[in-house]
Amino acid sequence: MGWALTGGGGRTAALRRGLVRTLSRTPVVARAALHAASPRLRPALGPRPFGTSPVGLPCPQPRDGGVWFDDTLGGGFALVTLDPAPRGPDGPRVVEVAPSSTCGRWLARYRACAVLVRPDRVVCGVARSTAALTRLLAVRDGA
């Protein structure tokens, strides 16, 4: 499989790009790609907070009003939250989502009021209360 995605020379790469471009425009393939599950990333050391935690999972990337959620999150760390959160000059970008939105329902599935998302869009922290949110931001800021 790896060779199929990366092997070959210039002509093979051009053919592969054309094929991927064509397939990604097919509604069935595009829908499947957007809903495909990625394996959970695990920490190398320490406890593994799996089960009812979204830690290690990629943040959902719905398209809302023609804008991908990834573009809304920006380039650095982001705090995706259902409730207003403190915004500091050096803190993560705060993105409030509606409970009825795709991300809001995703947070509710994990009983979370907020998640901290790394720049690679993998969840690295979860808060289930206001107190937990304060602790999560303190850990992120190095306090």
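The values are calculated or read from the model by the stated rules, or taken from the named source; none is laboratory data. This one's a predicted model, so the numbers in the text were calculated from it and none came from an experiment. Glycine gets a Cβ as well: all are built from the backbone with ideal geometry, and neighbour counts include every protein chain shown. Accessible surface areas use protein heavy atoms only, side chains included; no ligands, DNA or RNA. Shrake-Rupley method; radii C 1.70, N 1.55, O 1.52, S 1.80 Å.
Expressed in nm to one decimal, what extension gain is obtained for the pair Arg87 and Ala131 from 0.36 nm per residue of sequence separation less their Cα-Cα distance?
14.3 nm
Give the residue list of trypsin sites (Lys or Arg not before Pro) in the range 50-143 that are DSSP loop and have at most 12 other beta-carbon atoms within 10 angstrom.
For trypsin sites (Lys or Arg not before Pro) across the range 50-143 that sit outside H, G, I, E and B with at most 12 neighbouring Cβ atoms in 10 Å, the list reads Arg87, Arg111.
In whole Hz, with x marking every Gly and Pro, tabulate ³J(HN,Hα) for the range 76-85 from phi via Karplus 6.51 cos²θ - 1.76 cosθ + 1.60, θ = phi - 60°.
Listing the rounded values in order: x, 5, 9, 10, 9, 9, 8, 10, x, 10 Hz.
What is the set of long-range amide H partners of Val94 at a cut-off below 5 Å, with H atoms built 1.01 Å from backbone N?
Amide H neighbours of Val94: Leu79.
Report the accessible area of Asp64, computed with a 1.4 Å probe over the heavy atoms of all protein chains in place, in Å² rounded to the nearest 10.
120
Under the 0.36 nm per residue contour assumption, what length would be gained going from the current alpha-carbon distance of Thr52 and Ala13 to full extension?
So the chain would gain 10.0 nm between Thr52 and Ala13.
In nanometres, what is the gap between the two model label sites at Thr26 and Asp71, each 7 Å from Cα along Cα-to-Cβ?
2.6
Would you mind computing, in nm to one decimal, how far apart the modelled labels at Asp64 and Arg105 are, each placed 7 Å from Cα along Cα→Cβ?
Between Asp64 and Arg105, the simple spin-label model gives 1.4 nm.
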